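Novice: Just dropping this structure here.
The values are calculated or read from the model by the stated rules, or taken from the named source; none is laboratory data. Because the structure is predicted, anything quoted here is derived from the model rather than measured. Every residue, glycine among them, receives a Cβ derived from its backbone with ideal geometry; neighbour counts consider all protein chains shown. These area figures cover heavy atoms from the full protein model, side chains too; ligands, DNA and RNA do not enter into them. Shrake-Rupley method; radii C 1.70, N 1.55, O 1.52, S 1.80 Å.
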Amino acid sequence: MSLTLVSYNISPFVLRVTSALNYFQIPYQQKDVDVMNKPEWFIKANPLEKIPTLFVGDKVIQESLVILEYINSLVPNSLLPNDPLEKAINRSRAEFSNDVIGVILGLTAASTEEAFNNGLTELKWYFDKLENWLKQTKFIYSDELTLADFAYVPIYAILQALSPHLKFNIFEGFPKVQQYGTTLLGLPRVGTSKPEGYEQILLERIKTRKPYFLSV
Ligand SMILES: N[C@@H](CCC(=O)N[C@@H](CS)C(=O)NCC(=O)O)C(=O)O
């Protein structure tokens, strides 16, 4: 079955999918679209218009975490626990990353010092939860890589792009969270799944919002 991934260059949700496809070495085609100006063929095939979208033959799947589960079904060694409860816990851990991504994106859009500091306090709350999990296991669910880990890849891709522009270490006080990022981006073909020029494109996009952190 042919796989075509409809993507958008700096989408964190696309990066979850490309890093899993690349990690598993599953062949796929990729079509980048402009989210501000979606082409007719895409809207017609995919009325919900969400990116990423995976075309599997002429069928369409949306939602990056659902797409990850489908990708996992294509490989001989599943990265999900067999037990339904454990599988659900794994999925919960993956879902948690959605909130973290939301907070980080909010931080990059914060236009005042107050909004930025509030965002940072919120992010630390999330990092604290992650740090506690990661004190117990190397990856987000267990000592072995599982599907939930791919959900976290974009967090580290974004933070890696932001780090040179921050006057402080965003991981200060969260060594396990920092180490987890190094581990994830060091997985085969994962760190290199970012599109070419990712950092620059992301920064240019962020700059258009005139964020506080770039003004100091
Ligand atoms: N929950 C979705 C979020 C996808 C999402 O928000 N994608 C953005 C691009 S980063 C998008 O499709 N934006 C266009 C739109 O909402 O019309 C997922 O995990 O796939």
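Novice: With every protein chain left in place, what is the accessible area per residue of region 3-73 in square angstrom, probe 1.4 Å? Let's see the in-between values first.
Specialist: Details: 3500 Å² over 71 residues.
Normalised by residue count, the accessible surface of region 3-73 is 49 Å².
Novice: Calculate the length of the line joining the C-alpha centroid of region 63-119 to that of region 148-216, in whole Å.
Specialist: Region 63-119 and region 148-216 have Cα centres separated by 15 Å.
Novice: Give me the 1.4 Å probe accessible area per residue for region 144-216, excluding ligands and nucleic acids, in Å². Please report the intermediate quantities before stating the final value.
Specialist: Details: 3570 Å² over 73 residues.
Accessible area per residue, region 144-216: 49 Å².
Novice: Compute the length gained on full extension between residue 172 and residue 1: take 0.36 nm times their separation in residues and subtract their Cα-Cα distance, giving the result in nm to one decimal. Working shown, then result.
Specialist: Numbers: separation 171, 0.36 × 171 = 61.56 nm, distance 4.56 nm.
Full extension from residue 172 to residue 1 adds 57.0 nm.
Novice: Sticking with this structure for a sec: Using the beta-carbon distance between residue 192 and residue 216 and R0 = 22 Å, what value does 1/(1 + (r/R0)^6) give for FRET efficiency, to the nearest 0.05? Write down the numbers at each step before the final one.
Specialist: Numbers: r = 32 Å, r/R0 = 1.44.
Rounded to the nearest 0.05, the efficiency is 0.10.
Novice: Shifting gears a bit: At residue 59 and residue 98, where each label point lies 7 Å from the Cα along Cα→Cβ, what is the point-to-point distance in nanometres?
Specialist: Calculated label separation equals 2.2 nm.
Novice: Measuring from a point 7 Å past the Cα of residue 205 along Cα-to-C-beta, which residues in region 47-70 have an amide N at less than 12 Å?
Specialist: Zone members listed by number: 51-52.
Novice: A further question follows. What distance in nm separates the two pseudo spin-label positions at residue 74 and residue 113, each 7 Å out from Cα along the beta-carbon direction?
Specialist: 5.0 nm
Novice: Taking all protein chains as present, what is the carbon and sulfur share of the accessible area of region 70-148, in % to the nearest whole number, probe 1.4 Å?
Specialist: Exposed carbon and sulfur together represent 51 percent of the surface.
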